[in-house]
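The values are calculated or read from the model by the stated rules, or taken from the named source; none is laboratory data. What you see is a predicted model, and the numbers here were worked out from it, not measured in a lab. Ideal geometry is used to build each Cβ from the backbone, glycine not excepted, and the neighbour counts take in all protein chains shown. SASA here: full protein model, heavy atoms, side chains in, ligands and nucleic acids out. Shrake-Rupley method; radii C 1.70, N 1.55, O 1.52, S 1.80 Å.
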Amino acid sequence: MASEAYEPQNTENKFYKIWEQRKYFEIDGNKAIQKEGKNFSLMMPPPNVTGRLHIGHALTFTLQDIITRYKRMDGYKTLWQPGTDHAGIATQNVVEKQLLAEGTTKEALGREKFLERVWAWKEESAGIMTEQLRHMGVSPAWERERFTMDTGLQTSVKKSFVKLYEDGLIIRGNYMVNWCTHDGALSDIEVEHEDHDGKFYHIKYPFADGSGHVEVATTRPETYFGDTAVMVHPDDTRYKDLIGKKIKLPLLKREVTIIADSYVDMEFGTGVVKVTPAHDQNDYEVGKRHNLEFITVFDEKGILNDYAEEFKGLDRLEAREVIVKRLEEEGFIVKIENHKHQVGHCYRCKSVVEPYISRQWFLKKDVAAKSIQKTNDGEAQFFPPHWINSYNSWMGELRDWCISRQLWWGHQIPVFYCDDCDHEFASEEEAPAECPKCKSKNLTQDPDVLDTWFSSALWPFSTLGWGNGEEGQDSLFTQNDMKDFYPNTLLITGFDILFFWVARMMMMGENFNGQLPFNHIYLHALVRDEKGDKMSKSKGNVIDPLDMVEKYSADILRFTLAVSAAQGRDIRMSTEKLEQNRNFTNKLYNASKYLQMNVDTFPDIGTICLTTTLGKYMASRLNFATKEVRAYLDEYKFNDAALTLYKFIWNEFCGWGIELSKADKDSIIELGAIFKEAMKLLHPFMPFITEYLYHELSGTSLEDGDSIMISAYPYKTKKREKEERTFEIIMDAIVSIRRAKVLVDLANQKIEKAFVKIDGISEDEKSMMLPFITRLAKVTDIEFTESTIENAVSDISDTCETFIPTDSIDLTPIITKLTRQDEKLQKEIDKIEKMLGNERFVANAPEDVLTKNREGLADAKAKQVKVQEQLRSLQK
RNA sequence: GGUUCUUUAACUCAGUUGGUAGAGUGAUACCAUGACAUGGUAUAAGUCGGCAGUUCGAGCCUGCCAAGAACCA
């Protein structure tokens, strides 16, 4: 241990390789300390297979690793299941862009070739994310790593689909869906709503008989070609007589009828609404109620069709202006107002999302009923608990989930159509041989794929082998897995995917296994920059976790994230915080260095009997810290657990323990044993430096010995009241003397003589305390006294009084200083008093200047009184 | 518009069932004493967003208000 400071770069990669090679991360990696019947499971939220590690990953995986390492050391059979997600739209988009750059398209390539291409890209890119993860020092069971489209998981997806299909819970139908002209059908949560400064167009709709017109207000004039009615509120006296009258649509020959429906808001707009059932969610409902015709006016790419007559061929968004201009020319526009409204955008490509009628597959909302009930019965518990409110408010409005996607990359829907008899059936087989109805061999599979979240929804149990078939048995999963690890003990993820993912896992897990998939669900917050802004590439305030690992270390980044992770609160990341924790690792290194200057190697605490008072005291304090850290970790209060360790090690162990040991060298070997134990306690947070120091102090090496990561996590022992009390007094006396020294400006300098008055302690105790107080208070000669000492600077604290006799110290410098201060203050007082005594100044100066001076005078006077008091006491 | 969260020392944040308000950074003064200046010692600093209520007692519980954020319409 020669270098001045700890060098993480030399150890982190080396240790990680050894850990992984020795299979410590696997479920039986801690076999030696496993206790019967204690199982812990946690599924890693699978990052996108083509993704790159960002600070949000760093947070979530750090927290997951802390709990995993804690449980592993605590004797649990531990599964932290790793894997990656195929991320349908995202991945397909990336490859499509690559093709575009090469001057080709996926259509030109064909489905099969395109998928080969995506698989190739996946293979090339997949290792990057998991490799980056390793730099964080995380410890998932890598040998079981899964991919949401690997063979076994494809099988489980088919199995679950077919089951749901046969139970009538998956249906196909023509419904209005959220349609992205780029990415196809989206589920409700894949649409982001944003405020948009739009226009409110007031358009004349003439009566067919030429007897006049009504005024219709709309934000979407380009859809009026699909109008199949005009509606008013049945109670609206203004329009009562118009109900049933015919309207001739502007510029068109088509006629529609005025209908009455209470959906209309009489207060809003003109009270007359155009009804476009095929292009508006509400109009869709109205259309169904009134049996209206559904006219679709643009195709799936958003291009206007024949119904738009002269505007055919235009994109629906570009067409708006053209159409309005034409209507204006023909005198149909009454006025155009500014209007703020919400517009939905695709969460992936940000295109404007259209309500669009399309034939899609849906998972009926009925699937979720039991999971909602059980969640509210407390079968799964949220951390922080308020998230159940959000969960419920979403689940309360749950609609059927549109699970089909017009993509090629993903799980192709296992539904087949018979080309001969039109029979439709679902099958787990890759290519069913014949139609079960007519035995025809001409079958076509549905071309769509499943929403990515469908396979993710199975993650808590599909990775345990559920529905996997033979593939991967005894390598990727074992037959005991479902029994040992379902329900998962814990889920740690971001609140932003509560609905996308968590809610879906709850419904699927309950549906297929009769139990919710998690006992505990911890939702962490967002990592922001130091100003509290969201990190984004466009703002340029992104902190790259790998840069931080490089510049500081994985340990430091991890600890910084953990100590900042207060439940329900966003994290502000800053270099200041990272530096503070770098200082902490430096402290650890130097504490260790001190211990080794005195003793070569240290035993484990369990193998020795503590004999020194200081050793017993520090052990008692370690016990307290252990109790707290465990309690906080059990409640997922990562910040409190980390802070407890920080304070214990820095303030108690280094600040007091090490300093006190300088007066009792026999205690150092015991302190070393305690420090090693503290390294175990800290290990889940800072896996590398703790491993390093543990071996340094033990005189062993990771290469030739067992890792700290599979040693038993410290357990609370006992509180030692007597030693705690003794050192409370010792430390109190030391602080008291130090305070007294500050009074005479001697701060941390060594002085000759001081008296200490402590009531109610024996002579033995006094002689035991004496060396500690002498050393740390830096006094050559300490004398215990029963009475108050005259002619001394004194300090009174909770348990003692201390005195520094004024004749034992050279008071000249402090007296000189105080005298100078007194003179300076007097000058200032004179000056201000003279000013304030000047009538013209008082009359003319602004009020705030006067106030400022009056306050200044009062301050100076108060200060002078104190200075003079001190001078008097010193000059006695 | 609805729901949820946040508001505590100059800054960043803790504060477990209601019982004398805590940490780190920063500030001030001092200390190169054999682990560490990425250090040490000591000090100062808060009507806990506002108002009202419950209570012997409220940062914490209840209601209203204000400001900010997120999510959903």
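Some points to look at:
- Within the stretch A:662-699, the set of residues being open to solvent by less than 10 Å² (accessible area, probe 1.4 Å) and in a loop (DSSP other than H, G, I, E, B) comprises A:683, A:684, A:685, A:686.
Residue-wise test of (1) at pLDDT 95 or above; (2) charged (D, E, K, R); (3) in a loop (DSSP other than H, G, I, E, B).
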position	(1), (2), (3)
A:124	no, yes, no
A:129	no, no, no
A:132	no, no, no
A:140	yes, no, yes
A:176	no, no, no
A:196	no, no, no
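- Restricting the stretch A:625-665 to residues that are away from RNA strand B (no atom under 12 Å from the Cβ) and touching a Ser or Thr at 6+ places or on another chain (Cβ under 9 Å), the residue that is nearest to residue A:489 (Cα to Cα) is A:629.
- Residues of the stretch A:562-596 satisfying the condition of being modelled with pLDDT under 85 and either touching an Asp or Glu at 6+ places or on another chain (Cβ under 6 Å) or within 6 Å of RNA strand B (Cβ to nearest atom) (or both): A:566, A:568, A:569, A:572, A:574, A:576
- All of (1) more than 15 Å from RNA strand B (Cβ to nearest atom); (2) open to solvent by less than 40 Å² (accessible area, probe 1.4 Å); (3) over 38 Å from the mean Cα position of the chain (by Cα) hold for residue A:599 with one exception: (1).
- Boolean, residue A:544 is open to solvent by 10 Å² or more (accessible area, probe 1.4 Å), more than 14 Å from RNA strand B (Cβ to nearest atom), modelled with pLDDT under 90 and not polar (S, T, N, Q): yes
- Filter result (more than 22 Å from residue A:19 (Cα to Cα) and either in a helix (DSSP H, G or I) or in the same structural domain as residue A:689 (by TED's automatic domain parsing) (or both)) within the stretch A:142-151: A:151
- Among residues of the stretch A:504-524, those that are in contact with a Phe, Trp or Tyr (Cβ under 7 Å, 6 or more places away or on another chain) and either at pLDDT below 90 or within 11 Å of RNA strand B (Cβ to nearest atom) (or both), counted: 1
- Verdict on residue A:10 being in contact with a helix residue (DSSP H, G or I) (Cβ under 6 Å, 6 or more places away or on another chain) and either without any contact (Cβ under 8 Å) to a residue 12 or more places away in the chain or open to solvent by less than 10 Å² (accessible area, probe 1.4 Å) (or both): no
- Within the stretch A:713-728, one or more residues are in a helix (DSSP H, G or I), of a type outside the set (S, T, N, Q) and within 16 Å of RNA strand B (Cβ to nearest atom).
- Residues of the stretch A:234-265 satisfying the condition of being open to solvent by 100 Å² or more (accessible area, probe 1.4 Å), assigned to a loop (DSSP other than H, G, I, E, B) and free of Cβ contacts under 8 Å to residues at least 24 places away in the same chain: A:237, A:253
- Test: residue in the stretch A:303-319 that is crowded, with 21+ Cβ neighbours inside 10 Å, within 44 Å of the chain's Cα centre (by Cα), in the same structural domain as residue A:259 (by TED's automatic domain parsing) and among the charged types (D, E, K, R): yes
- Each residue in the stretch A:733-778 was checked for being surrounded by 21 or more Cβ atoms within 10 Å (Cβ to Cβ), within 16 Å of RNA strand B (Cβ to nearest atom) and within 19 Å of residue A:799 (Cα to Cα), and 11 pass.
- Total residues in the stretch A:446-471 satisfying the condition of being farther than 16 Å from residue A:506 by Cβ and either in a loop (DSSP other than H, G, I, E, B) or open to solvent by 20 Å² or more (accessible area, probe 1.4 Å) (or both): the figure is 13.
- Subset tally (residues that are of a type in the set (Asp, Glu) and under 39 Å from the mean Cα position of the chain (by Cα)) for the stretch A:660-694: 2
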